[in-house]
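A short worksheet on the structure shown next.
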Amino acid sequence: MAWKDTEKDKIRHLLRQTIGATMRLSQFLSLAPYPLTVFQGDHSMLGSRVQVVIFLRQVFAVFVTILTIASQFVLFFFYSNLLYQPTVPIFIVILYYIVNILQTITVANMLVGCERRRMQYEGYFAGVLPLVKETIEQSDCKRTVWYRNAGKALLVFYTTVAILMPCVMAMIIQDIGCIPYAIAQFIPYTVSYLILNQYFCVFVHLSSILRKLNERLPPFVNIDLAIGSHSAFGEKPMVFNILGQPLSPPKLCHNHLDQIEKLRLLHVQVMEIASSLSENFGIVIILIVIAAFASVNIELLELYQCIKLNNIGPTYIVLKFMIAIIKFSFYFLIAYPNRLIQEEVILR
């Protein structure tokens, strides 16, 4: 459906450009509600087409969740040698069970429970559209562009790894057990990186709005300086508002205070949205953090044990080490978004 030439659709298009790639892929894989208002155009949620798509997505989500559980069950009972070496201590085996249970909970929560989070997604877009409209005339700085490109690069990198992971595992393991092993690794990994990339892209978007609001503050500081310097010489100050329009002396003070208050309210609105996002993502982020932390430690502990006993080959060591490094990189997507907001608050 073609975009209509309206201001609202232009703002929607801007949102598609800034967080669209990750969100569209997440929608395709049932990790974001379908359709979101910002993407659906004029399609009605009550339409038969949308209802059929939502039903098929629910079936797909349940199927993928069952497939993940079945693959982990097969691994634990029939191909446990692919998960861990027989010589590893029992506590590592227990950690493997815990990690896989956490990964299954995360997959089920994000896939099967996706439609229940529709109001959270819609609430974000409803809250952020007025902010986008307020700052649409200001261009993005180089730092914002860099972060957006970094988000796209991370999406390409993790997607490439997700596509190549099953192939590499099949080539190295060369056993029928590589099928459940690849599924048990691939699905939780894909769910985790797409959710974390959504989290990162949305916070980059909010930080760019905060940065634009911060860029508006210097003119108000200059107003006070201009008034003071001109008053010393008995001259009438010439001050301009944010749009570059001259302000007459009677309106100067009133307009000055009004615009400062408006900026303050916009800052508060952005911070409320960021806080709400952290709260909504909270449980999922905690699950991913615990699973990633435990998984990385398990891989490294097992590597240490196997290298110490000298009972695995170099190829297997490289594979385990690469998996640990890739999972450890999730911490960047977990920790950095909040830092973006904090940097803008400090600059304020």
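The values are calculated or read from the model by the stated rules, or taken from the named source; none is laboratory data. On a predicted model such as this, the values are computed, not experimentally measured, just so you know. Heads up, the Cβs are rebuilt from the backbone with ideal geometry, glycines too, and the neighbour counts pull from every protein chain shown.
Which of (1) crowded, with 19+ Cβ neighbours inside 10 Å; (2) at pLDDT 75 or above does I298 not meet, given it meets every other one? Answer for I298: the failing condition is (2). The set of residues in the stretch 124-137 that are assigned to a helix (DSSP H, G or I) and either among the acidic types (D, E) or within 16 Å of the chain's Cα centre (by Cα) (or both) comprises Y124, F125, V128, E134.
Exactly one residue out of Q103, Q72, Q138 is farther than 24 Å from I179 by Cα, touching a helix residue (DSSP H, G or I) at 6+ places or on another chain (Cβ under 6 Å), touching a residue at least 40 places away in the same chain (Cβ under 8 Å) and among the polar types (S, T, N, Q), and it is Q138. Here the condition is being within 21 Å of L67 (Cα to Cα), touching a Phe, Trp or Tyr at 6+ places or on another chain (Cβ under 8 Å) and either in a helix (DSSP H, G or I) or not polar (S, T, N, Q) (or both); of M110, M165, it holds for M165 alone. For the stretch 268-308, the set of residues classified as of a type in the set (F, W, Y), over 17 Å from the mean Cα position of the chain (by Cα) and farther than 16 Å from V93 by Cβ consists of F293 only. Considering (1) assigned to a loop (DSSP other than H, G, I, E, B); (2) surrounded by 14 or more Cβ atoms within 10 Å (Cβ to Cβ), the lone condition that D175 does not fulfil carries the number (2). Within the stretch 105-122, being surrounded by 15 or more Cβ atoms within 10 Å (Cβ to Cβ) and in contact with a Ser or Thr (Cβ under 8 Å, 6 or more places away or on another chain) holds for T106, V107, A108, L111, V112, C114.
Taken together, the residues in the stretch 53-68 that are exposed (fewer than 15 other Cβ atoms within 10 Å of the Cβ), touching a residue at least 24 places away in the same chain (Cβ under 8 Å) and within 21 Å of P166 (Cα to Cα) amount to 1.
The lone criterion from (1) in a loop (DSSP other than H, G, I, E, B); (2) under 18 Å from I195 (Cβ atoms) left unmet by D140 is number (2). All conditions but one from (1) free of Cβ contacts under 8 Å to residues at least 60 places away in the same chain; (2) crowded, with 20+ Cβ neighbours inside 10 Å apply to A182; the one that does not is (2). Restricting attention to the stretch 25-44 and to residues that are surrounded by fewer than 15 Cβ atoms within 10 Å (Cβ to Cβ) and either aromatic (F, W, Y) or touching a helix residue (DSSP H, G or I) at 6+ places or on another chain (Cβ under 8 Å) (or both), the residue that is modelled with the highest pLDDT turns out to be F28. Inclusion of L82 among residues that are closer than 21 Å to I323 by Cβ, under 30 Å from the mean Cα position of the chain (by Cα) and part of a helix (DSSP H, G or I) is not warranted. The single residue among Y199, Y181 that is part of a helix (DSSP H, G or I) and modelled with pLDDT under 85 turns out to be Y181. The condition (being touching a Lys or Arg at 6+ places or on another chain (Cβ under 9 Å), surrounded by 13 or more Cβ atoms within 10 Å (Cβ to Cβ) and within 30 Å of F55 (Cα to Cα)) is satisfied by just one residue among L102, L129: L129.
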